[in-house]
Amino acid sequence: MADIAKTISVVNRMTADGIIENYALGGATAVIFYTEPIATEDVDIFVHLKPGGNPFMEFQPIFDYLKDNGYGMKGEHFYVEGFPVQFLPASKNLLNEAIDEANEFQLTEEVIVRVMTPEHLVAVMLDTGRLKDYLRIGIFLQHEIVNPDTLQNILTEHGLLQKWKDNIGKFQS
């Protein structure tokens with residue numbers, strides 16, 4: 001994880017400089033903090049953006065900051081210290097909560113990363129509903145990583161409990 005520390009250091013600097021309000025690592029890279037390594041193409045960083053008048057312009061400070069600091073963009077990814085990074089807005093209450101309640105991990109002596117809790121990751125994966133997400137949920141359940149009561153509270157709060165019940169068989173082996 002030390003290699004990604006430089007990338008996260010840039011994101012932490014963006015937070016300190018007020019470009020983004022807060023963030024949490026999500027997606028497959030976040031899963032790695034709780035389970036075994038899995039393949040991923042990019043680093044998903046969910047962000048609280050500073051509100052502005054035009055929703056399409058809310059990402060402009062991120063683009064400007066990264067470009068001004070020499071980071072290029074290809075497709076939907078910025079390449080920050082060698083890693084493709086996708087910045088994703090917290091467009092739902094579930095994502096806002098996942099950012100607010102993120103766990104912190106020490107990557108290096110100087111770098112701390114904010115990572116969605118296992119329960120929030122499972123809820124986000126359930127909400128997204130892709131096959132690879134369901135497989136990852138199965139890994140979390142197999143390794144008993146999630147707190148069942150906390151997960152149930154999150155699923156209930158965000159209207160996902162019935163989807164969980166409808167799909168539970170897909171997560172268990």
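The values are calculated or read from the model by the stated rules, or taken from the named source; none is laboratory data. Keep in mind it's a predicted model, so treat the numbers as computed, not measured. Cβ placement follows ideal geometry from the backbone for every residue including glycine, while neighbour counts extend to all protein chains displayed.
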Pick from 82, 18, 75, 27: which is farther than 27 Å from residue 123 by Cα and in contact with a Ser or Thr (Cβ under 8 Å, 6 or more places away or on another chain)? 82
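Residues in segment 35-46: is at least one assigned to a helix (DSSP H, G or I) and touching a strand residue (DSSP E or B) at 6+ places or on another chain (Cβ under 9 Å)?
The answer is no; no qualifying residue exists.
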Exception for residue 143 within (1) at pLDDT 95 or above; (2) more than 16 Å from residue 26 (Cα to Cα) falls at (1)
Please verify whether segment 93-100 includes one or more residues that are charged (D, E, K, R) and surrounded by fewer than 22 Cβ atoms within 10 Å (Cβ to Cβ). yes
May I ask you to say which residue of 41, 36 is within 25 Å of residue 61 (Cα to Cα), charged (D, E, K, R) and surrounded by fewer than 21 Cβ atoms within 10 Å (Cβ to Cβ)? 41
Residue match in segment 127-138 (condition: among the charged types (D, E, K, R), assigned by TED's automatic domain parsing to the domain that holds residue 40 and closer than 19 Å to residue 44 by Cα): no
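Yes or no, residue by residue, for (1) assigned to a strand (DSSP E or B); (2) hydroxyl-bearing (Ser, Thr, Tyr):
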| site | (1), (2) |
| --- | --- |
| 70 | no, no |
| 78 | yes, no |
| 84 | yes, no |
| 87 | yes, no |
| 91 | no, yes |
| 104 | yes, no |
| 108 | no, yes |
| 120 | no, no |
| 126 | no, no |
Given the residues 69, 22, which is the only one that is closer than 30 Å to residue 161 by Cα and of a type outside the set (A, V, I, L, M)? 22
Hey, can you tell me all the residues within segment 21-33 that are buried (at least 20 other Cβ atoms within 10 Å of the Cβ), in contact with a strand residue (DSSP E or B) (Cβ under 7 Å, 6 or more places away or on another chain) and among the hydrophobic types (A, V, I, L, M, F, W, C)? 24, 25, 30
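Can you confirm whether segment 134-143 contains a residue that is small (Gly, Ala, Ser) and outside any helix (DSSP H, G or I)?
no
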